[in-house]
Amino acid sequence: MADTKHTKVLIIGSGPAGYTAGIYASRAMLEPILVQGIEPGGQLTTTTEVENWPGDTEVQGPELMVRMEAHAKAMGCDIISDIITDLDLSKRPFTATGDSGTAYTADAVILATGARAKWLGLPSEEAFKGFGVSACATCDGFFYRGQEIVVIGGGNTAVEEALFLTNFASKVTLIHRRDELRAEMILQERLKKNPKIEPLWFHSLEEVVGTDNPKGVTGVKVKHVKTGEITEIPCSGVFVAIGHAPATELVKETLELHNGGYVAVKPGSTETSVPGAFAAGDLTDHKYRQAVTSAGMGCMAALDAERWLAEQDD
Ligand code: FAD
Ligand code: NAP
């Protein structure tokens, strides 16, 4: 028979929002269960230096997340390695089904499933994923020692990935569809100073070119967005860094969404359109999407859940 676990508060997600909710909910004696999902520690585990986490001038993303997990655990949060595959918010207690077969029933739910990397959607990108096409420089940069690489995008992630990849690559071409970056000025300055990085403005990726045997990338075809001219750039790695989309798979049919698919919450709160279900972090935030803001929202969600549960008992 399938295992069933009941909790007052079920936290789904183990990024800064989830772990912070875990710390606060534990300290409120709510004995929360936190389900980590496929990426324990969340997006920060895919980066290296984090320089804007208050209290740490510089900390490695994965290390920071290990510390957050240990903190939540020390406060009494029950951290479980599982993936929620279904969430029924139609009746209380809510029921979440784990990939392990465990059913989690909960009086309140905190959704902190964050965001996932976006892809361009090209057939050739799909064909070479894992064979030269990646969305994670920290994970795959090491394979490109002394080789030429392209990075697609113009935000913080693209610039950070390009800078990081110069540790390995002989040359990094940053391909952006405009001639202006979205990345913070400090990162733009570092980019300009790095002799290994060459920006290619007003270009979009048309096709990843490669061989089947052995399977690998040999170059990219890029299009000038104004003239339509196609150019081929030789490279052995393509890093797609065009942003992240909120992970709403569990709730997109049941909760109100806004701002292009993010979970809607009441202004100044983490309350979603279903009473007892709260949302925090990148899942609900189209604007800031930072570790510190996600952690802040995780705190708010735990406090909101605590107050809401207390009201139910009145
Ligand atoms: P996430 O970190 O996205 O975590 C989501 C969690 O939900 C994961 O643990 C996942 O396993 C879990 N999950 C998803 N679906 C399920 C499911 N079905 N069942 C169970 N669990 C599930 N921000 C900064 O402030 N400073 C930086 O330097 C910085 N660098 C970054 C570098 C990179 C490369 C990237 C991609 C982002 C960076 N960010 C940075 C942004 C920051 O990582 C995010 O804002 C933050 O991680 C969001 O936290 P979160 O808790 O909302 O979600
Ligand atoms: P982002 O800020 O949304 O930037 C995405 C970039 O990709 C933009 O430059 C965009 O171009 C481009 N792009 C989007 N779709 C494209 C497409 N189909 N084809 C070509 N280019 C496309 O995403 P992000 O850089 O991943 O950052 C996400 C969030 O995490 C941000 O809030 C960011 O601040 C945060 N973050 C913070 C840090 C840090 O603090 N150090 C590091 C990484 C990430 P346009 O500019 O033309 O729209």
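List of remarks:
- Rounded to the nearest 10 Å², the accessible area of Ile11 at probe 1.4 Å: 0
- GluC sites (Glu not before Pro) within segment 205-314, DSSP loop, no more than 15 other Cβ atoms inside 10 Å: Glu229, Glu249, Glu253, Glu256
- Antiparallel content of DSSP bridges confined to the chain, in %, to 5: 50
- Compared with the alpha-carbon gap, the fully stretched path from Trp201 to Arg307 is longer by 33.1 nm at 0.36 nm per residue.
- When Arg116, Arg307 are compared by accessible area at a 1.4 angstrom probe, the order from most to least is Arg307, Arg116.
- Cysteines in the chain that, by Cβ-Cβ distance, have no pairing candidate under 4.7 Å: Cys77, Cys235, Cys299
- Per-selection Kirkwood Rh - the chain (Cα, Å, 1 d.p.): 20.7
- Gaussian network model of the chain, Cα within-10 Å springs - most flexible of Gly141, Gly55, Gly130: Gly55
- Residue-level accessible surface for Val265, protein heavy atoms, 1.4 Å, Å²: 40
- Residue among Gly22, Gly228, Gly276 with the largest mean-square fluctuation in a Gaussian network model of the chain, springs linking Cα atoms under 10 Å: Gly228
- DSSP-assigned coil residues among GluC sites (Glu not before Pro) in segment 91-188, each with at most 10 further Cβ atoms within 10 Å: Glu180
- Whole-number percent relative contact order across segment 119-240, with pairs defined as alpha carbons under 8 Å at least 6 apart: 31
- Ranking His286, His6 from most to least accessible surface, computed with a 1.4 Å probe over the protein chains only, gives His6, His286.
- Where chymotrypsin sites (Phe, Trp or Tyr not before Pro) in DSSP loops with at most 16 other Cβ within 10 Å are excluded, longest remaining stretch of the chain: 1-118
- Estimated 222 nm signal from helices in the chain, with DSSP H stretches of n ≥ 4 weighted -39500 (n - 2.57), rounded to 500: -7500 deg cm²/dmol
- Bridge orientation summary for segment 149-272: considering DSSP beta bridges with both residues in this region, about 55 percent are antiparallel.
- Once the Cα atoms are used to define both axes, helix 156-165 deviates from the longest principal axis of the chain by about 60 degrees.
- Angle in degrees between helix 16-27 and the longest Cα principal axis of the chain, rounded to the nearest 10: 20
- For the pair Lys73 and Asn259 in one chain, pulling the backbone fully straight at 0.36 nm per residue adds 63.6 nm over the alpha carbon distance.
- Cross-link pairs beyond the 28 Å C-alpha cut-off, checked among Lys226/Lys252; Lys196/Lys223; Lys196/Lys226; Lys8/Lys118; Lys5/Lys118: Lys226/Lys252; Lys8/Lys118; Lys5/Lys118
- Applying a DSSP loop filter and a limit of 10 other Cβ atoms within 10 Å to the trypsin sites (Lys or Arg not before Pro) in segment 1-94 leaves Lys91.
- When the chain is treated as a Gaussian network with alpha carbon springs shorter than 10 Å, the biggest mean-square fluctuation among Gly76, Gly41, Gly101 belongs to Gly101.
The values are calculated or read from the model by the stated rules, or taken from the named source; none is laboratory data. Everything quoted here is computed from the prediction, not taken from an experiment. When we count neighbours, we look across all protein chains shown, and the Cβ atoms used for this are built from the backbone with ideal geometry, even at glycine. Only protein heavy atoms, including side chains, enter the accessible area calculation; ligands, DNA and RNA are left aside. Shrake-Rupley method; radii C 1.70, N 1.55, O 1.52, S 1.80 Å.
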